[in-house]
Amino acid sequence: MNADDRSSTSGHKAESASDDPVERVIRYHERTKHHYHRYARSLGFLDWANQPDPFRRFAGAELIPLPLLEADEEPESPPYAAIYDPGAVPCRPVTKRTLSRFFEFALALSAWKKAGQSEWALRSNPSSGNLHPTEGYVVVPWIDGLGLKPGLYHYAPREHGLERRASFPADLVMTLLAPFPPGSFLFGLTSVHWREAWKYGERAFRYCNHDVGHAIGTARIAAATLGWHMMLLDGANQQTVASLLGTDRADDFTEAEPEHPDCLSVVWPNIVDNGGGIPDRPSVPCVLDPTIVRELAGSRWHGKANRLSRDHAVHWDSIDEVAAVSWKDVTESWSVDRPDSFATDASRSIHRTGPSAGQIIRQRRSAVAYDGKTSIAASVFFRMLQRVMPRADRSQLDRPMPWDVWPYKPAIHLLLFVHRIDGLTPGIYFLVRDENKLPFIRGSINPEISWVPAPGRPEGLPFFWLLEGDARSLAAQVSCHQDIAGDSAFSCGMVAEFEGPLRRHGAWMYPRLFWEAGLLGQVLYLEAEAAGVRGTGIGCFFDDPVHQIIAVQGLSLQSLYHFTVGGPVEDRRLMTLPPYGHLNREGREAGDV
């Protein structure tokens with residue numbers, strides 16, 4: 001069953017229009033739009049003295065180092081192409097080494113950059129302004145070979161280690177995870193809104209949720225490199241997420257910036273049994289038992305969060321308000337069937353061709369400028385578009401990776417500014433990521449636009465040519481006058497079905513639209529690297545001028561995120577340093593095989 005096929009109610013009484021959460025979310029969205037004559041409200045300058053610390057730690061919590069692994073050490077990364085081939089990657093057991101690789105590819109440091117006396121870290125997961133509001137957690141049971149006590153752990157990326165935040169009774173964790181496949185553990189994400197608000201002001205809630213989507217993507221892809229599967233547990237209500245991750249423990253954040261609980265996922269190894277079939281669970285639930293979570297929340301907790309900024313020049317109440325009104329207070333229960341195609345034998349060998357997934361993940365960067373001349377072959381461009389197609393006609397776990405993590409039908413589509421794609425006439429194009437939505441989208445924009453199937457498009461790809469012409473200046477203009485949108489090979493606006501999903505599901509769907517956009521952006525980031533070019537996300541764009549290009553009707557569609565891909569111009573003034581050169585490798589634990 002798909003999450004879109006159900007409706008749910010929270011049990012609240014009917015509210016007046018002014019108090020309706022959907023209307024309040026829409027007001028926030030309208031208020032935080034950029035316009036030609038004004039930008040969304042922010043401080044207006046960078047308060048460098050109070051720049052947030054990018055690394056959260058919990059004083060008093062035990063830090064368990066994860067082994068620092070070289071690229072050629074086990075577990076070695078499969079070829080990048082293999083992670084998209086169901087069943088092609090041998091499944092690895094859950095050990096300290098494989099968990100280390102999982103976090104390396106999901107949330108770890110990927111390099112340091114240095115200019116003069118200034119140094120800053122880059123990570124596997126992209127972030128708006130490199131501010132990194134996203135924090136990662138795992139809940140693990142007792143697993144032979146892992147060597148971790150059952151409990152909740154916070155990932156510390158600078159140290160590449162796990163801080164034990166809570167000690168959970170082994171039997172309770174086992175009961176919580178009993179409905180899931182053997183070897184399962186939970187992966188959670190939270191956001192420190194202040195990290196983005198420091199720079200971006202009111203619009204920061206949008207960017208935090210882009211980054212949640214990026215991190216869902218990096219984690220799903222990291223799991224795929226190990227032959228593991230991952231699924232968002234979005235049937236859970238948000239209080240369940242808060243209780244399990246400890247974000248509602250006010251005493252642990254007394255002097256520190258709070259964390260907003262975003263989501264939980266289940267991760268499991270796809271190991272075949274001796275008979276060649278999938279062991280145990282034929283389906284996977286998308287919810288946790290809240291009663292067991294409440295019991296776990298009463299366990300012993302460790303550590304107090306560090307303060308990230310000495311002072312906050314301004315507090316953005318609008319962010320607190322939209323976080324509150326988009327809080328998911330409904331619990332939904334559904335299960336997803338497990339397909340045979342995803343089970344793999346750990347002894348299976350891989351035919352190694354092309355760059356490894358690890359190489360692509362480690363080298364990923366956000367371009368800061370483009371050369372204005374690099375073109376992309378049409379075949380490569382079409383492969384990128386095919387990678388972002390979720391195959392909405394399939395059940396969730398039958399969808400291609402990473403879209404099997406996502407429990408909803410696609411609501412994000414691409415408005416593309418094509419500049420330099422060999423074989424395609426420059427102009428404006430549109431990719432419909434769910435072909436069943438084509439009539440709705442056509443009915444939501446200028447009816448005089450002709451939807452011409454793009455020349456040379458692969459069979460079954462709903463990619464259309466709307467307008468002919470040089471769109472470079474227009475792309476840059478609507479992207480806050482940023483040349484990166486016009487100097488690239490192509491750029492795009494991620495256009496969401498907006499008011500409809502909010503009315504059908506509720507205000508809690510608002511952040512999830514940004515999650516989907518961020519997940520899509522992560523796929524484009526890696527596809528660009530694999531193609532020998534580079535991508536970058538664009539959070540600053542003039543919202544309504546984008547909509548006016550195709551005359552969007554009302555709030556039926558809204559652009560939530562922009563992205564651009566092309567030949568990068570490297571800044572030779574910057575020095576690149578290894579991600580963990582600051583740590584003494586010899587003092588690290590070797591971990592288990």
(request) Identify the single condition in (1) surrounded by 16 or more Cβ atoms within 10 Å (Cβ to Cβ); (2) at pLDDT 95 or above that VAL284 does not satisfy, given that it satisfies every other one. (result) (2)
(message) Being farther than 27 Å from TYR525 by Cα and in the same structural domain as PRO269 (by the TED database) is true for just one of ALA197, ALA178. Which residue is that?
(response) ALA178
(request) Could you tell me which residue of the stretch 159-168 is surrounded by the fewest Cβ atoms within 10 Å (Cβ to Cβ), considering only residues that are of a type outside the set (A, V, I, L, M, F, W, C) and in contact with a His (Cβ under 8 Å, 6 or more places away or on another chain)? (result) SER167
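Yes/no matrix, rows are residues, columns are (1) charged (D, E, K, R); (2) in contact with an Asp or Glu (Cβ under 8 Å, 6 or more places away or on another chain); (3) in the same structural domain as ASN446 (by the TED database):
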site: GLY518; (1), (2), (3): no, yes, yes
site: VAL523; (1), (2), (3): no, no, yes
site: ALA530; (1), (2), (3): no, no, yes
site: ILE538; (1), (2), (3): no, no, yes
site: ASP544; (1), (2), (3): yes, no, yes
site: ILE550; (1), (2), (3): no, no, yes
(message) Condition first: within 17 Å of ALA224 (Cα to Cα), polar (S, T, N, Q) and at pLDDT 95 or above. Now tell me which residues in the stretch 302-356 satisfy that.
(response) SER356
(message) Cβ contacts < 8 Å: first residue under 8 Å from GLY213 (Cα atoms) and touching a residue at least 12 places away in the same chain (Cβ under 8 Å), restricted to the stretch 515-533; second residue assigned to a helix (DSSP H, G or I) and open to solvent by 10 Å² or more (accessible area, probe 1.4 Å), any location; separation 6+ or different chain. Result?
(response) none
(request) Inspect all residues belonging to the stretch 105-118 and state whether any of them is over 27 Å from PRO402 (Cα atoms), in contact with a Lys or Arg (Cβ under 8 Å, 6 or more places away or on another chain) and among the small types (Gly, Ala, Ser). (result) yes
(request) Scan LEU152, LEU131, LEU99 and give me the residue that is more than 21 Å from ALA223 (Cα to Cα) and modelled with pLDDT of 95 or more. (result) LEU131
(request) Give the residues of the stretch 210-255 that are among the charged types (D, E, K, R), part of a helix (DSSP H, G or I) and surrounded by fewer than 24 Cβ atoms within 10 Å (Cβ to Cβ), sorted by residue number. (result) ASP251, ASP252
(request) All but one of (1) in contact (Cβ under 8 Å) with a residue 60 or more places away in the chain; (2) under 21 Å from ALA305 (Cα atoms) hold for THR175, so report the exception by its number. (result) (2)
(request) For the stretch 370-398, enumerate the residues that are part of a loop (DSSP other than H, G, I, E, B), surrounded by fewer than 20 Cβ atoms within 10 Å (Cβ to Cβ) and not basic (Lys, Arg). (result) ASP371, GLY372, THR374, SER375, ALA392, ASP393, SER395
(message) Return the residues of the stretch 30-53 that are surrounded by 12 or more Cβ atoms within 10 Å (Cβ to Cβ) and either β-branched (Val, Ile, Thr) or part of a helix (DSSP H, G or I) (or both); say none if nothing qualifies.
(response) GLU30, ARG31, THR32, ASN50
(message) With the structure loaded, tell me whether ARG383 is out of contact with any strand residue (DSSP E or B) (no Cβ under 9 Å at 6 or more places or on another chain) and either at negative phi or not assigned by the TED database to the domain that holds ASP487 (or both) or whether it fails that test.
(response) yes
(request) Mind counting the residues in the stretch 169-189 that are open to solvent by less than 10 Å² (accessible area, probe 1.4 Å) and either touching a Cys at 6+ places or on another chain (Cβ under 9 Å) or of a type outside the set (Val, Ile, Thr) (or both)? (result) 9
(request) Residues that are open to solvent by less than 50 Å² (accessible area, probe 1.4 Å) and in contact with a strand residue (DSSP E or B) (Cβ under 6 Å, 6 or more places away or on another chain): find the helices (runs of 4 or more DSSP H) completely inside the stretch 432-526 holding 2 or more of those. (result) 472-478
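The values are calculated or read from the model by the stated rules, or taken from the named source; none is laboratory data. Every value quoted in this text rests on a predicted model; they were computed, and no experiment measured them. Reconstructed Cβ throughout: ideal geometry from the backbone, glycine too, with neighbour counts over all protein chains shown. Just the protein is used for accessible areas: all its heavy atoms, side chains included, with ligands, DNA and RNA removed. Shrake-Rupley method; radii C 1.70, N 1.55, O 1.52, S 1.80 Å.
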